[in-house]
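Only the coordinates and a few stated rules stand behind these numbers; no lab work does. What you see is a predicted model, and the numbers here were worked out from it, not measured in a lab.
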Amino acid sequence: MNRASTNSIIDRAIRVVKLEPRVFNVIARDPAATQQAAIVVGVVAIANAIGGAGEGIGGIVVGLISAILGWLIFAGMAWFFGTTIFGTPTTHGNWESLLRTLGYAQAPNILGFFGFIWVVGWLAAFIGAIWSVVVSVVAIRETLDFSTGRAVITAIIAWIATAIVAGILGLIFGIGIAI
């Protein structure tokens with residue numbers, strides 16, 4: 001990856017965190033942003049693994065795998081519910097475009113890196129997680145051309161469905177609810 005690509009990822013991630021609606025539309029239409037979104041998810045997963053290093057190597061590996069699977073499953077669920085159940089005649093977008101914007105929406109979770117700091121680390125991780133939820137709602141709204149209310153409902157239902165799938169996968173593979 002070249003320097004221009006890295007700068008593009010960082011610039012887009014900052015703009016996503018700032019909730020700039022236009023950047024979500026740019027990311028949704030840019031096929032090259034799929035790889036970039038995967039990099040964002042991977043970096044966040046590594047940061048969270050460092051923040052929760054007390055879990056050992058097994059926790060790190062499961063954390064990395066579950067971050068990627070969680071992203072893929074959540075994007076699929078959000079796309080399914082957003083287009084088939086909560087969609088309107090103006091709803092547009094495909095799974096790949098939503099995958100890209102929701103990958104970038106994970107950027108605030110980089111604050112999980114500070115999880116290892118005694119007493120305040122959990123607060124930074126919690127703030128990042130809440131902000132990521134807000135950014136995910138905006139990503140769904142902008143990518144599927146929704147109202148904010150529909151985006152919130154879609155995100156909640158998709159999150160519940162993702163948790164159910166994660167629980168089932170956890171039971172099958174014996175890793176607990178990791179996603």
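Would you mind classifying the chain by shape? Square roots of the alpha carbon gyration tensor eigenvalues, ordered a ≥ b ≥ c; an a/c under 1.5 is rounded, otherwise it is prolate if a/b is larger than b/c and oblate if not. Here the chain falls in the oblate category. Close amide H contacts of Ala105 (hydrogens built in the peptide plane, cut-off under 5 Å, sequence separation of 5 or more or a different chain): none are found. The overall shape of segment 74-179, judged from the alpha-carbon gyration tensor, is oblate: a/c is not under 1.5, and a/b is no greater than b/c. Sequentially through segment 101-107, phi angles give Karplus couplings (6.51, -1.76, 1.60; θ = phi - 60°) of 5, 6, x, 5, 5, 7, 3 Hz, Gly and Pro residues having no value and appearing as x. Applying the Karplus relation 6.51 cos²θ - 1.76 cosθ + 1.60 with θ = phi - 60° to segment 155-165 yields 3J(HN,Hα) values of 4, 5, 5, 5, 5, 4, 4, 5, 4, 5, 4 Hz, where x marks Gly and Pro. The relative contact order of the chain comes to 27 percent, based on Cα pairs under 8 Å that sit 6 or more residues apart. For segment 116-175, what class follows from the C-alpha gyration tensor (a ≥ b ≥ c being the square roots of its eigenvalues): rounded when a/c is under 1.5, otherwise prolate if a/b is larger than b/c, else oblate? Oblate, since a/c reaches 1.5 and b/c is not below a/b.
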